[in-house]
Amino acid sequence: MSTLEDEVSLRVGRAVKQQREAAGFSLRTLAAGSGISASMISDIERGAKSPTVSTVVRLAQALGVGAAALIDGGAGLSPRIRVLRSGEGAGGEYPARWERLGPSAPGSRIDFVRYQIPPSTILGPTAAHTAGTVEHMHVAVGAVRVTVGDETAELSEGDSCSCRTDAPHTIENPDPSTEALIYLIVERG
């Protein structure tokens, strides 16, 4: 490429693809999260289209990284743990949805799990899952500490998170007197 714009477009495209794959997102998943069509994202990743600033910002937000990470060429991967605190976004709807989860269909790559974690208990460490596996967790009661690889997040009642579990991971109820209740959706990579 001969112009600065072309070089930046290629760098952004590579960074979007790197961050998308690191997060375990398909083109459709990123499209749904960003409001940008899957075909446009594909064009950006291939360097065929030059994204606008607002497009870069929307993609970065959906990927959980700063826009600079995409413009700078994706230095560093997106975090393994992405937290949504109670009251943020659409969090108010999640508790009712999580309560109604049932068994997954035979052959499905999705598992639905409900954990009651006794006080002062650690689940794990659990071995790393295959690349692309994402666990979505909602804390219905109590508080938990989630560790994936070398990243840790503290979650309180009403908080949710999504974790790329391609590294060893644990879930801990640090409270010595209260049982924690979490709901988990595991998307296998």
May I ask you to list the residues in segment 122-147 that are within 14 Å of residue 186 (Cα to Cα) and in a strand (DSSP E or B)?
-> 126, 134, 135, 136, 137, 138
Answer residue from segment 44-58, given it is small (Gly, Ala, Ser) and either touching a helix residue (DSSP H, G or I) at 6+ places or on another chain (Cβ under 9 Å) or not assigned by TED's automatic domain parsing to the domain that holds residue 31 (or both) and is farthest from residue 7 (Cα to Cα) among those = 48
Pairs returned, first residue in segment 150-166 that is at positive phi, second residue that is of a type in the set (S, T, N, Q) and not in a strand (DSSP E or B), beta-carbon separation under 6 angstrom, 6 or more apart or interchain, are 158/86
Which of the residues spanning segment 107-156 are farther than 25 Å from residue 20 by Cβ, at pLDDT 90 or above and touching a Leu at 6+ places or on another chain (Cβ under 9 Å)?
-> 139, 140, 141, 142, 143, 144, 145
Output for Cβ contacts, cut-off 6 Å, separation at least six or different chains, first residue assigned by TED's automatic domain parsing to the domain that holds residue 172 and within 17 Å of residue 157 (Cα to Cα) in segment 110-134, second surrounded by fewer than 12 Cβ atoms within 10 Å (Cβ to Cβ) and among the hydroxyl-bearing types (Ser, Thr, Tyr), reads 119/177
Among the residues of segment 35-49 satisfying the criterion of being crowded, with 16+ Cβ neighbours inside 10 Å and assigned to a loop (DSSP other than H, G, I, E, B), which is nearest to the chain's Cα centre (by Cα)?
-> 36
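The values are calculated or read from the model by the stated rules, or taken from the named source; none is laboratory data. Note that the coordinates shown come from a computational prediction; the quantities given were computed from them, not determined experimentally. Glycine gets a Cβ as well: all are built from the backbone with ideal geometry, and neighbour counts include every protein chain shown.
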